[in-house]
1. Taking segment 183-227, which residues are out of contact with any helix residue (DSSP H, G or I) (no Cβ under 8 Å at 6 or more places or on another chain) and among the acidic types (D, E)?
2. I'm told A140 meets every condition in (1) in a helix (DSSP H, G or I); (2) among the small types (G, A, S); (3) over 13 Å from L337 (Cα atoms); (4) modelled with pLDDT of 85 or more except one. Can you identify the failing condition by its number?
3. Can you pull out every residue in segment 56-96 that is among the acidic types (D, E) and within 15 Å of the chain's Cα centre (by Cα)?
4. If you go through segment 457-469 one residue at a time, do you hit one that is at pLDDT 95 or above, among the small types (G, A, S) and in contact with a Phe, Trp or Tyr (Cβ under 9 Å, 6 or more places away or on another chain)?
5. With the condition kept exactly as written, say whether any residue in segment 156-177 is without any contact (Cβ under 8 Å) to a residue 60 or more places away in the chain, over 22 Å from the mean Cα position of the chain (by Cα) and not in a loop (DSSP other than H, G, I, E, B).
6. Of these, V16, V68, which one is of a type in the set (V, I, T), surrounded by fewer than 24 Cβ atoms within 10 Å (Cβ to Cβ) and touching a residue at least 12 places away in the same chain (Cβ under 8 Å)?
7. Given the options G417, G406, G411, name the one that is surrounded by fewer than 21 Cβ atoms within 10 Å (Cβ to Cβ) and touching a residue at least 40 places away in the same chain (Cβ under 8 Å).
8. Out of everything in segment 87-120 that is of a type in the set (D, E, K, R) and surrounded by 24 or more Cβ atoms within 10 Å (Cβ to Cβ), what residue ends up being farthest from R268 (Cα to Cα)?
Amino acid sequence: MRPLYLFMAIALWAVVGLWIAHMARKKMGKGIPEFYIAGRRVSGFISGMTYAATTYSAFMMIGLVGWVYSEGVAVAGMEMTYLIFTVLFLIIFAPRFWTAGREYGYTTPPDLLSDRYNSEYVGSIASILALVTLVPYAAAQLMGAGALFNVLSGREVPYIVGVLTMAGFSGVTALWAGFRSVSWTDAFQAITMIVTSVILVFYVFYHFFGSPTAFFSTITSHFSDKLELTWGLQEYIGWSLPWAFFALSNPQVSQRMFVSEDITSLKRMIIYFSIFGFAYTIITTLLGLAAVDIVPNATNFDAVMPALLNRVPVVLSLVVFVGIFAAATSTLGSILLTLSSLGTENVVRPLRPSTSETTRVIIGRLIILGLLGVCVFFAVLRPSMIGKLAVYASGGLAVSVPSIFGAFFWGDGTAQGAIWSIVIGGSLTIVLILYGINPLGVWHMVWGLMISTILYFLISSLTESPEGAGEFIENIEREISKSNF
């Protein structure tokens, strides 16, 4: 495909996205809550779409498609496990996060942990963990963009050009009007993602196979091995467990439980996300299976989707290209903004409590620029398999889950238990991942979660619970009962 076509498609999409960001800026107020969570005034549709667009990134249309191509429907099982657990945890925790945010004025998930455990250190350590583990996940979005530009252009557009193009757009939307800009452009990007993927899957069915029935017949008769559960139990648990707790462990999505304007909008957010997630998972799985026949003998699984797009008409390829670019851009922008909020509110503010909100917003914008630079550097290193990179990031963050559960459901949970479970569990997980060690055949991410859970309850049982913990839990439960969630 001619590089000019790629840049024209992105330019047209960017103009629409920047116009939306500009309109969002007009409604932007002042202060930290406005910049990072849009003043808690986001509608049900927008909150649902920003949750979906933030969650479903380049991991799906590039990483998951390539992973299904490689290992079959076991990967789809992992992704469906994620969706089921996410909806379940949203039903349980979304009203609690939302109520706590309204009652106590929290802007970030670590704010909640710091207050509940009566220790700024808890929030700071959780924030540092997120900063360390989410940079590779954010860089994976840039890698997806770089690979798309490079492969679709027939190697004429260098990988780094795609990386820098996405970095520029994500940075502008996050810097310009904060969460209001990110959420509005997320909604636009979510619609782009689902519409373009639906068009592609139907084209693939009818052009390459003749009909959906013929597609299923081809896969079942010629590639039945892709329909078998090739993963063992340990492998399935190892890959699925980090995703199962994604809704709680990843601050860029858990922060979105603060933003809905009312309880009705919060309910709609969960419904819209559930529908989107189910449809998008099915579509990407079908595309991965179709690619087994259309793109045989691929060895670079992250290049499977770009190779598939090179086999469809230019116009359709461009439309889907924009959809994938939109998916990755929305996730990157959301991660940048969330990490910026953690840096200002849970690292800078505890160190310098006198720093004004205006100054913290400026610092937050500088953090976004710094993080972009780090992510670009990481993307240039090009670690393999975008899909697996995303799961590794979630595995590292999963060690904070026991502290989040305890914050709402166990009044005896202590700051010491939360701190050491995150520090030791997180360090252990990162070391095991880096060295590829699975002690006793149990996957590193499972070890991290198990160790952090044991440490949280053991250390909390040996230390004194913070004053007011029981009152916090009772107050949240009382307010939830009033809202009739």
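The values are calculated or read from the model by the stated rules, or taken from the named source; none is laboratory data. Values in this document were obtained by computation on a predicted structure and should not be read as measured data. With ideal geometry, Cβ positions are generated from the backbone for all residues, glycine too; neighbour counts draw on all protein chains shown.
1. D225
2. With respect to (1) in a helix (DSSP H, G or I); (2) among the small types (G, A, S); (3) over 13 Å from L337 (Cα atoms); (4) modelled with pLDDT of 85 or more, A140 is out only on (4).
3. Passing the criteria: only E79.
4. Yes - at least one qualifying residue is present in segment 457-469.
5. Taking segment 156-177 as the starting set, the residues that turn out to be without any contact (Cβ under 8 Å) to a residue 60 or more places away in the chain are 158, 161-162, 168.
Those still in the list that are over 22 Å from the mean Cα position of the chain (by Cα) too: 158, 161.
Of the ones still in play, those that are also not in a loop (DSSP other than H, G, I, E, B) are 161.
Yes, some residue in segment 156-177 is without any contact (Cβ under 8 Å) to a residue 60 or more places away in the chain, over 22 Å from the mean Cα position of the chain (by Cα) and not in a loop (DSSP other than H, G, I, E, B).
6. V16
7. Testing whether each residue is surrounded by fewer than 21 Cβ atoms within 10 Å (Cβ to Cβ) and touching a residue at least 40 places away in the same chain (Cβ under 8 Å) leaves just G411.
8. Per the criteria, the residue is R116.
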